[in-house]
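Have a look at the structure below, then the notes.
The values are calculated or read from the model by the stated rules, or taken from the named source; none is laboratory data. Nothing here was measured: the structure is a model prediction, and the numbers come from that model. In this analysis, Cβ positions are derived from the backbone assuming ideal geometry, glycine residues included, and neighbour counts consider all displayed protein chains.
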Amino acid sequence: MAKGRIEDRGNAAQRFMRATGKLRAVFGPANRSSIAHEMTEENRRLLAQRQAETQQWETITRPDGSTYVVPRNPEDRSLR
(Lines give C-alpha, C1' and ligand atoms only; values in the text may rest on other atoms or scores of the structure.)
Protein backbone atom coordinates (compact mmCIF):
# COMPACT_ATOMS: atom_id res chain seq x y z
CA MET A 1 0.00 0.00 0.00
CA ALA A 2 2.85 2.39 0.74
CA LYS A 3 4.28 1.62 -2.65
CA GLY A 4 1.14 2.99 -4.35
CA ARG A 5 1.61 6.36 -2.66
CA ILE A 6 5.24 6.59 -3.81
CA GLU A 7 4.23 5.83 -7.39
CA ASP A 8 1.61 8.61 -7.22
CA ARG A 9 4.32 11.13 -6.38
CA GLY A 10 6.47 10.21 -9.38
CA ASN A 11 10.21 9.89 -9.63
CA ALA A 12 12.70 12.43 -8.30
CA ALA A 13 12.89 14.35 -11.59
CA GLN A 14 9.10 14.68 -11.78
CA ARG A 15 8.89 15.88 -8.17
CA PHE A 16 11.66 18.41 -8.82
CA MET A 17 9.88 19.74 -11.93
CA ARG A 18 6.62 20.12 -10.00
CA ALA A 19 8.38 21.84 -7.09
CA THR A 20 10.22 24.34 -9.30
CA GLY A 21 7.42 24.89 -11.83
CA LYS A 22 6.50 28.37 -10.59
CA LEU A 23 10.14 29.45 -10.45
CA ARG A 24 10.73 28.26 -14.03
CA ALA A 25 7.62 30.15 -15.15
CA VAL A 26 9.14 33.37 -13.79
CA PHE A 27 12.85 32.88 -14.50
CA GLY A 28 12.61 30.63 -17.56
CA PRO A 29 14.68 27.57 -18.32
CA ALA A 30 18.40 27.50 -17.65
CA ASN A 31 20.64 28.45 -20.56
CA ARG A 32 23.59 26.12 -20.92
CA SER A 33 25.20 27.53 -24.05
CA SER A 34 28.50 29.35 -23.93
CA ILE A 35 28.61 33.06 -24.71
CA ALA A 36 32.29 32.96 -25.65
CA HIS A 37 31.85 31.86 -29.26
CA GLU A 38 32.12 33.57 -32.62
CA MET A 39 29.01 35.14 -34.10
CA THR A 40 27.52 33.40 -37.09
CA GLU A 41 26.82 35.30 -40.29
CA GLU A 42 23.09 35.06 -39.62
CA ASN A 43 23.55 36.59 -36.15
CA ARG A 44 25.65 39.42 -37.63
CA ARG A 45 22.86 40.19 -40.12
CA LEU A 46 20.25 40.13 -37.37
CA LEU A 47 22.36 42.39 -35.17
CA ALA A 48 22.80 44.91 -38.01
CA GLN A 49 19.05 44.84 -38.67
CA ARG A 50 18.22 45.41 -35.00
CA GLN A 51 20.71 48.27 -34.77
CA ALA A 52 19.15 49.91 -37.85
CA GLU A 53 15.70 49.51 -36.29
CA THR A 54 16.76 51.16 -33.04
CA GLN A 55 18.33 54.13 -34.84
CA GLN A 56 14.94 55.20 -36.17
CA TRP A 57 13.69 55.98 -32.64
CA GLU A 58 14.54 58.75 -30.19
CA THR A 59 14.04 58.68 -26.42
CA ILE A 60 12.45 61.81 -24.94
CA THR A 61 12.74 62.55 -21.22
CA ARG A 62 9.97 64.54 -19.57
CA PRO A 63 10.68 67.01 -16.76
CA ASP A 64 9.31 64.51 -14.22
CA GLY A 65 11.99 62.00 -15.27
CA SER A 66 9.76 59.60 -17.22
CA THR A 67 10.80 58.66 -20.73
CA TYR A 68 9.04 57.69 -23.93
CA VAL A 69 10.09 56.76 -27.44
CA VAL A 70 9.15 58.68 -30.59
CA PRO A 71 10.17 58.26 -34.24
CA ARG A 72 13.11 60.44 -35.27
CA ASN A 73 11.52 61.12 -38.64
CA PRO A 74 7.73 60.54 -38.62
CA GLU A 75 7.59 60.47 -42.44
CA ASP A 76 10.17 57.65 -42.70
CA ARG A 77 8.28 54.33 -42.92
CA SER A 78 11.19 52.18 -44.19
CA LEU A 79 11.55 49.95 -41.13
CA ARG A 80 7.99 50.06 -39.82
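Side notes on the structure shown:
- Among (1) surrounded by 10 or more Cβ atoms within 10 Å (Cβ to Cβ); (2) assigned to a helix (DSSP H, G or I); (3) over 18 Å from the mean Cα position of the chain (by Cα); (4) at pLDDT below 85, the one test that Arg24 misses: (3)
- One residue stands out in region 27-49 among those that are surrounded by fewer than 10 Cβ atoms within 10 Å (Cβ to Cβ) and of a type in the set (D, E, K, R): the one that is modelled with the lowest pLDDT, namely Arg32.
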